[in-house]
Amino acid sequence: MLKKFLTILLGATFFMVACNKNKVEEKAVIKEEMVVAREGESKTLDPHQGNDGYSLQANRLIYSRLVEADGDMKIHPGIAESWKQIDDKTTQFTIRKGIKFHNGDPLTVEDIKFSLERMTQSPRIAFVVPPIEKVDIVDEYTINIVTKTPFGPLLAHLAHPALGIVSKKIVTEAGENYANNPIGTGSYKFKEWINGDRLVFEKNEDYFDKNEKGPKTIIFKPVVEESSRLIGLETGEYDVAFALYGLNEEAVKKSEKLELHAKPSLSTIFLGMNNEKEPFNNPKVRKAISYAIAKQSIIDTVLNGSGIIPNAPVVGAVFGSTDKTKNYEYNVEKAKELLKEAGYENGFDTSIVLRGGDINQQTAEIIQANLREIGINAKIEILEASAFLDFTANGKHDMYLGAWGVVTGDADYGLYSVYHSSAKGGTGNRDFYSNPEVDKYIEEARKEINPEKRKELYEKAEILIMDDVPNVLLFSRFITVASQKNVKGINVHPVTLHNMATAYFEN
């Protein structure tokens, strides 16, 4: 009897221990799949053929760059573990050993040279690439990048997500089909793309800077409607959702199970004007329009207060931004006075073209009402995204609602592409603005290596730009990412190129 009792007791003990062990193991289980809802679909997974935000979000997972920039735009080692300046035009990069492409092939300096040269030939991203004269291979783990002139923002440009390193062999063999099966050295591997439904990535266990806590799978879901992204978060269908604003942002803040991650943007939303067309070729007309627009009202009404009025062509967090300039305050009487001086006392008829979307349309409607107060009748025309880009690149517009993000965090990217006369049209200067003095300062700043001297040159350019008013700087909003409470480590990017490779689930 005693033996039977002890046997039963011992069995019960083992059963309880096993049950407790299972409970501990259940608690330790962490989700392995992270579902991310975003506003749109990637255009391509070839990093050198796509500069749209949705492609860049995906391609920064698949590919690595020579150097990397974090969410605060600080430069960190990437494929290159270190670098040094050899002379004014030559920078030497030491490459990490043991890096492999997702198919197991070793990364070589030949791949890096091939990639950089391929970038310069791409009509999509060539303007992002530093002015490279040549890439010299020094040895198996060392390359020199030689620029045509000294180029101060070199590292900032090399960290741009579009400048991912590809395999010479794979790209050459695949040709035009490469984007269907992209292979990089990045933190996540491409697994599957069902257009309109999902873009799937698998963790690269051989990545040189692996996030040990990161999920095994990341899924990007295109969810155009902002309200649908919020509902999916609330029901648990999505773990993360990009771009929730206004009332939806407030709903996240009030939720006990959701969390809002926010950061000031490096992007500026502006009302562009075709400076080569009458009456917008008259700076007094452009100033009048800027005085006539109630910018704070747009922020309060459209963004629910979640934004700021920019006081310089590039916002304060960007290297090279100045605090010596100020935006034009809301002053209807001053606007009317300037229109009269310009010979348009009775106003004129015009149009504003824009891409669709609630924020764009609401912003345009407030501008339309403001301009009506000074006699300007502005018709709103909504175009599909590609049609809008073609229309404004070809200078067919009067006014347009535009945006520009300083992806590199350096004023060169925000000033050269938008305000230099050589960039008129599709490159970025859709205002068709030209000022030889501005061109000179921007060009000199590019060639200057001393950071303080670069800042001085950018400041001179920005003062002139603000006085010329080629466009009306409307607002810079806060960038938001919403998630479940248990999602941590989200690297919110100030131009929405969020790096989900740093995210993980907290048990």
Elements of type helices (runs of 4 or more DSSP H) contained in the stretch 197-301, each with 1 or more residues being touching a Leu at 6+ places or on another chain (Cβ under 9 Å), of a type in the set (D, E, K, R) and more than 30 Å from ASN331 (Cα to Cα): 226-235, 246-254
Tally, over the stretch 149-180, of residues that are among the small types (Gly, Ala, Ser) and free of Cβ contacts under 8 Å to residues at least 60 places away in the same chain: 2
Of all residues making up the stretch 360-380, the number that are buried (at least 19 other Cβ atoms within 10 Å of the Cβ), in contact (Cβ under 8 Å) with a residue 40 or more places away in the chain and in contact with a Lys or Arg (Cβ under 9 Å, 6 or more places away or on another chain): 1
Subset tally (residues that are in a loop (DSSP other than H, G, I, E, B), aliphatic (A, V, I, L, M) and in contact with a Lys or Arg (Cβ under 8 Å, 6 or more places away or on another chain)) for the stretch 46-93: 1
The listed residue being in contact with a Phe, Trp or Tyr (Cβ under 9 Å, 6 or more places away or on another chain), basic (Lys, Arg) and farther than 25 Å from ASN499 by Cβ, out of LYS334, LYS324, LYS263, LYS340: LYS334
Residues being in a helix (DSSP H, G or I) and either touching a helix residue (DSSP H, G or I) at 6+ places or on another chain (Cβ under 7 Å) or assigned by TED's automatic domain parsing to the domain that holds GLN85 (or both) - total across the stretch 411-463: 21
Any hit, the stretch 396-405, residues being under 20 Å from ILE298 (Cα atoms), surrounded by 15 or more Cβ atoms within 10 Å (Cβ to Cβ) and either among the hydroxyl-bearing types (Ser, Thr, Tyr) or not assigned by TED's automatic domain parsing to the domain that holds TYR458 (or both): yes
Residue that is farthest from VAL166 (Cα to Cα) [pool: residues in the stretch 94-114 that are part of a helix (DSSP H, G or I) and under 27 Å from the mean Cα position of the chain (by Cα)]: LYS113
Residues that are without any contact (Cβ under 8 Å) to a residue 12 or more places away in the chain and either of a type in the set (Gly, Ala, Ser) or surrounded by 12 or more Cβ atoms within 10 Å (Cβ to Cβ) (or both), drawn from the stretch 86-105: GLY104
Extreme residue, nearest to PHE127 (Cα to Cα), among residues of the stretch 153-199 that are surrounded by fewer than 22 Cβ atoms within 10 Å (Cβ to Cβ) and small (Gly, Ala, Ser): ALA179
Of residues in the stretch 203-254 being of a type in the set (Phe, Trp, Tyr) and in contact with a helix residue (DSSP H, G or I) (Cβ under 9 Å, 6 or more places away or on another chain), the one farthest from ALA58 (Cα to Cα): TYR245
Complete set of residues in the stretch 344-359 that are part of a loop (DSSP other than H, G, I, E, B) and over 19 Å from GLY375 (Cα atoms): GLY356, GLY357
Residue match in the stretch 334-352 (condition: surrounded by 19 or more Cβ atoms within 10 Å (Cβ to Cβ) and within 25 Å of VAL224 (Cα to Cα)): yes
Qualifying residue in the stretch 115-123 (condition: touching a helix residue (DSSP H, G or I) at 6+ places or on another chain (Cβ under 9 Å), outside the structural domain of LYS455 (by TED's automatic domain parsing) and part of a loop (DSSP other than H, G, I, E, B)): no
Conditions (1) buried (at least 20 other Cβ atoms within 10 Å of the Cβ); (2) closer than 16 Å to VAL314 by Cα; (3) at pLDDT 95 or above; number of the one not met by ASP467: (1)
Residue check for ASP206: in contact with a Pro (Cβ under 9 Å, 6 or more places away or on another chain) and either of a type in the set (A, V, I, L, M) or touching a residue at least 24 places away in the same chain (Cβ under 8 Å) (or both): no
Exclusive hit being surrounded by 22 or more Cβ atoms within 10 Å (Cβ to Cβ) and touching a His at 6+ places or on another chain (Cβ under 7 Å), set THR496, THR408: THR408
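The values are calculated or read from the model by the stated rules, or taken from the named source; none is laboratory data. Quantities reported herein were computed from a predicted structural model and do not represent experimental measurements. Glycine also receives a Cβ, built like all others from the backbone with ideal geometry; neighbour counts cover every protein chain displayed.
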